[in-house]
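Quick note: the coordinates plus some simple rules give every number you see, no bench work behind them. Quick caveat: nothing in here was measured; it's all calculated off a predicted structure. Cβ sites come from the backbone with ideal geometry, for glycine too, and all protein chains shown count toward neighbours.
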Amino acid sequence: MLDKDCIFCKIIRGEIPSSKVYEDDKMLVFKDIEPKAKVHLLAIPKNHFKLLSEMDKERSEILNYMLKKIPEIANESGLKNGYRLVINQGDDAGQTVFHLHVHILGGETLDW
Ligand code: AMP
Ligand code: ZN
């Protein structure tokens with residue numbers, strides 16, 4: 001289920017352009033528009049939910065699927081030397097888009 005006003009749902013529907021790296025029926029991976037590392041990708045589920053606290057069986061299955069797929073996608077994106085996954089949750093983490101997303105950061109040695 002997609003949300004009418006959500007920016008990532010608009011990307012999924014193709015209403016906003018994105019630099020797609022991987023897509024299938026369950027998930028989409030595209031380049032972050034303001035990269036925080038040499039390689040900065042965003043992996044999103046193709047159903048809209050905001051937070052991990054809203055997890056249910058279907059959502060956890062998609063997230064599990066994404067976590068299994070991400071190593072393949074990272075490898076194909078040249079992140080053979082490692083990468084970092086980040087899931088911001090809420091205001092203190094600086095979450096700005098409330099459609100659950102996994103940041104994939106790499107392409108260089110990352111400061112903690
Ligand atoms: P967060 O702060 O965890 O909510 O991350 C949201 C991320 O989405 C930020 O890193 C933004 O740079 C990124 N972002 C926002 N709009 C777009 C867009 N249209 N295309 C690609 N990335 C975007
Ligand atoms: Zn959404």
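General observations
- To the nearest ten degrees, helix 57-76 and the longest principal axis of the Cα atoms of the chain are 30 degrees apart.
- Two-site FRET efficiency, K26 against R84, from Cβ-Cβ distance with R₀ of 25 Å, rounded to 0.05: 0.65
- Length gained when the stretch L52-E15 is fully extended (0.36 nm per residue, less Cα-Cα span): 10.7 nm
- For the stretch 36-62, backbone nitrogen atoms closer than 16 Å to the point 7 Å from T109 Cα along Cα-to-C-beta are found at 38.
- Exposed loop sites are taken as GluC sites (Glu not before Pro) in a DSSP loop (any state but H, G, I, E or B) with at most 16 other beta carbon atoms within 10 Å; the longest stretch of the chain without one runs 16-107.
- Charged side chains reduced to their Cβ positions (Lys and Arg at +1, Asp and Glu at -1) give the chain a dipole of some 220 debye around its Cα centre.
- The reciprocal of the average 1/r between distinct C-alpha atoms defines the Kirkwood hydrodynamic radius, which for the chain equals 14.4 Å.
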